[in-house]
Amino acid sequence: MNRTRLLTTMAIFIAIGTLGAQLLWFPAGIAKAYPVQHAVNVMAAVTLGPGPAVIIAFMIGLLRNLLGLGTLLAFPGGMIGAFLAGYLYQKFRKNILAVIGEAVGTGIIGSLFAVPFAMLLMGSSVGAFAFLPSFLVSSMTGALMGWFILSRVNQDSLVQNT
């Protein structure tokens, strides 16, 4: 994929993830669930790979925070989930493994990283598993949305156009 196409695709994913947070969210435990972020993570991981997926997750988190649409918790979960989704897809070439990578990366690993992150940067003191249920619900919902969208897209045409 040439550099211009890669940057344009990344910008589109960032826009979808940033604006999608305003369109589709629901309360999930002590946090809000933003499944569009996780759907974008899966789609970016499969189509672009782990590096661009992590950059996209970071930029979505940054923009959402700058616009007052999110919290600092968007960083640890989103970036870890995007990396694991991209890594597993790159290694095994199975969309379902990108979904599992997103759910495990964000829902479990990211939720555990969020505890010290919240304590240090947000002044919040919570238990080790406080974020786990809401992160899992959000990441699983979004990852399945991303998988559904990918299943409807002809990936051969994505490869041919690169």
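Arrange I100, I12, I56, I109 by Cβ neighbour counts within 10 Å, fewest through most, would you?
On the way: I100 20, I12 13, I56 28, I109 17.
Fewest to most other Cβ atoms nearby, the residues stand as I12, I109, I100, I56.
Taking the beta-carbon count within 10 Å as an exposure proxy, list L97, L66 from fewest neighbours to most. Spell out each step's value before the answer.
Working: L97 19, L66 10.
Ascending Cβ contact count within 10 Å gives the list L66, L97.
Place a +1 charge on the Cβ of each Lys and Arg in the chain and a -1 charge on the Cβ of each Asp and Glu, then give the dipole magnitude about the Cα centre in debye, rounded to the nearest 20. Please list the in-between numbers first.
Details: 8 positive and 2 negative charges, 46 e Å.
With only Lys, Arg, Asp and Glu charged at Cβ, the dipole is about 220 debye.
Highest GNM mean-square fluctuation, the chain, Cα pairs closer than 10 Å: which of A118, A21, A82?
A118
Grab the Cα-Cα distance for L67 and L120, subtract it from 0.36 nm times how many residues apart they are, and report the gain in nm with one decimal. Don't skip to the answer; put the middle values down first.
Numbers: separation 53, 0.36 × 53 = 19.08 nm, distance 2.18 nm.
That pair, L67 and L120, stretches by 16.9 nm at full extension.
Expected output is a single nm value to one decimal: the length gained when fully extending between K32 and V153, i.e. 0.36 nm times separation in residues minus the C-alpha distance. What is it? Walk me through the numbers before you get to the answer.
Details: separation 121, 0.36 × 121 = 43.56 nm, distance 2.86 nm.
That pair, K32 and V153, stretches by 40.7 nm at full extension.
Find which of G110, G51, I80 sits farthest along the positive direction of the dipole of segment 1-122, computed with +1 on the beta-carbon of Lys and Arg, -1 on that of Asp and Glu, about the Cα centre.
Checking the options against the dipole of segment 1-122, the answer is G51.
What's the exposure ranking of Y89, Y34, going from fewest to most Cβ atoms within 10 Å? Mind showing how you got there, number by number?
On the way: Y89 26, Y34 30.
With the sparsest Cβ surroundings first, the list reads Y89, Y34.
Looking at segment 19-116, which trypsin sites (Lys or Arg not before Pro) are in a loop (DSSP not H, G, I, E or B) and have at most 16 other Cβ atoms within 10 Å?
For trypsin sites (Lys or Arg not before Pro) across segment 19-116 that sit outside H, G, I, E and B with at most 16 neighbouring Cβ atoms in 10 Å, the list reads R93, K94.
Could you state, as a whole-number percent, how many of the C-alpha pairs of the chain are farther apart than 26 Å? Intermediate values should be presented prior to the final figure.
Working: 2577 of 13041 pairs.
The answer is 20 percent, as a whole percent.
No lab work stands behind these numbers, since they all come straight from the coordinates. All figures in this text were calculated on a predicted structure; none of them were measured in a lab. Note that each Cβ is placed from the backbone with ideal geometry, even for glycine, and that neighbours are counted across all protein chains shown.
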